[in-house]
Amino acid sequence: MEVIVAKTAGFCFGVERAVNKVYEQIEKTDKQIYTYGPIIHNEEVVKDLEEKGVKVIQSEEELRKVKEGVVVIRSHGVSRHIYHILEANGVEIVDATCPFVKKIHRIVDEETRAGHQVVIIGNEKHPEVEGIKGWGDAHTVVIETAEEAEHFVPKTGKKISIVSQTTFNYNKFKELVEKFSKKGYDIFVLNTICNATQERQVEAKEIASKVDAMIVIGGKNSSNTQKLYEICLRECKDTYYIQTLGDFDPESVNSVRSVGITAGASTPKKIIEEVHTNVRVKF
């Protein structure tokens, strides 16, 4: 049986950088270490860090109570006011915001200061988007669907600056931008989807289109993994979304000649290798 593992599967640059920063802090300081939200959307990694004493701050209310120690800002980034809270409390900040996300923060800040209305293409409830929105103003909006794009009405006299969540589906981004263009708005578009995300999606689609079964590995709360699953499912009906090898149930698959494997940006290499090693036995 042929098993094809995507070359782009696993940790992206931003996630690996963020995770490494937490482990570096464990080695270098005796202070209590916190992450603002899970450092990545992967339960295995978060559990390992918790066993090493790292605590996860789940809310802004919790964050305000932290008066000492080290707070690591995860790769998703945070709103401007979160930095203000940490600085006011005198907490040591280790900023692990992905540089690509940091760039979007700067763009949103600059475009807002220039008097433009910023539109973020993405999922409003995703922590990355929440952080990006926090560098805009009261007129900054998030658009995720074609229906929302159709109903959008810009503030009078404002030029529209459009950015994207780094892990958004590239084709969907183009479709939504096209809707804004057709309405004749004065728009300035910046495709801020991470290149690694685009490459991962393109490769996943290609592999899924030529295998009998496809396995997508990643945390259930991972936005980029969910999008990989949706892309693969359109190409291969026998597509499985798992967090670890133990989540996979092969009973519904009778006989396959080829299996494809890809993984989200928050999936450790060792989990991908474990699935790769054992998938032949499972099938």
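The values are calculated or read from the model by the stated rules, or taken from the named source; none is laboratory data. Quantities reported herein were computed from a predicted structural model and do not represent experimental measurements. Heads up, the Cβs are rebuilt from the backbone with ideal geometry, glycines too, and the neighbour counts pull from every protein chain shown. Quick note on the areas: whole protein, heavy atoms, side chains included, nothing else; ligands and nucleic acids left out. Shrake-Rupley method; radii C 1.70, N 1.55, O 1.52, S 1.80 Å.
Around the Cα centre of the range 156-283, unit charges on the Cβ atoms of Lys, Arg, Asp and Glu (plus for the first two, minus for the last two) sum to a dipole of about 520 debye.
The tail of the calculated P(r) for the chain, taken as Cα-Cα distances beyond 31 Å, holds 35 percent of the pairs.
Stokes-Einstein at 20 °C, 1.002 mPa s, Kirkwood radius from Cα pairs: D for the range 35-87 in µm² s⁻¹? The calculation lands on 184 µm²/s. With both labels modelled 7 Å from their Cα along Cα-to-Cβ, the Ile93 to Glu2 distance reads 5.1 nm. For the range 1-98, the alpha carbon positions stretch 58, 28, 21 Å along the principal axes, listed from largest to smallest. The chymotrypsin sites (Phe, Trp or Tyr not before Pro) of the range 161-191 include none that meets both criteria, a DSSP state outside H, G, I, E and B (loop) and at most 14 other C-beta atoms within 10 angstrom of the site's C-beta. Dividing the summed -39500 (n - 2.57) terms of all DSSP H runs of n ≥ 4 by the residue count of the chain sets its mean residue ellipticity at 222 nm at -13000 deg cm²/dmol.
Need the full-extension length gain, Gln32 to Asn278, defined as separation in residues times 0.36 nm minus the C-alpha distance. One decimal, nm. Show your work: numbers first, answer last.
Details: separation 246, 0.36 × 246 = 88.56 nm, distance 3.82 nm.
Working it through step by step, the gained length comes to 84.7 nm.
Considering only trypsin sites (Lys or Arg not before Pro) in DSSP loops that have at most 16 other Cβ atoms within 10 Å, the longest stretch of the chain without any of them is 68-124.
So what's the range 44-155 giving for Cα Rg divided by 2.2 N^0.38 Å, two decimals?
On the way: Rg = 16.1 Å, N = 112, 2.2 N^0.38 = 13.2 Å.
With N residues counted in the range 44-155, Rg over 2.2 N^0.38 Å equals 1.22.
With the whole protein complex present, Asp212 retains an accessible surface near 50 Å², based on a 1.4 Å probe. Extension gain, Glu124-Glu199: 0.36 nm per intervening residue step, less the Cα-Cα distance, totals 24.6 nm.
Pull out the extension gain between Glu51 and Glu206, defined as 0.36 nm times the separation in residues minus the alpha carbon to alpha carbon distance; nm, one decimal. Could the numbers behind the result be given before it?
On the way: separation 155, 0.36 × 155 = 55.80 nm, distance 3.87 nm.
Once the chain is fully extended between Glu51 and Glu206, it gains 51.9 nm.
Bin width 5 Å, origin at 0, all Cα-Cα pairs of the range 151-213: what percent of pairs per bin? With a bin width of 5 Å, the distribution comes to 3, 15, 22, 18, 14, 10, 8, 5, 3, 1, 0. Taken as entire DSSP H runs, the helices of the chain never both span 30 Å or more between Cα atoms along their own long axis and average 1.6 or more on the Kyte-Doolittle scale. In this simple spin-label model, placing a label point 7 Å from the Cα along the Cα-to-Cβ direction at both His84 and Asp249 gives a separation of 4.9 nm.
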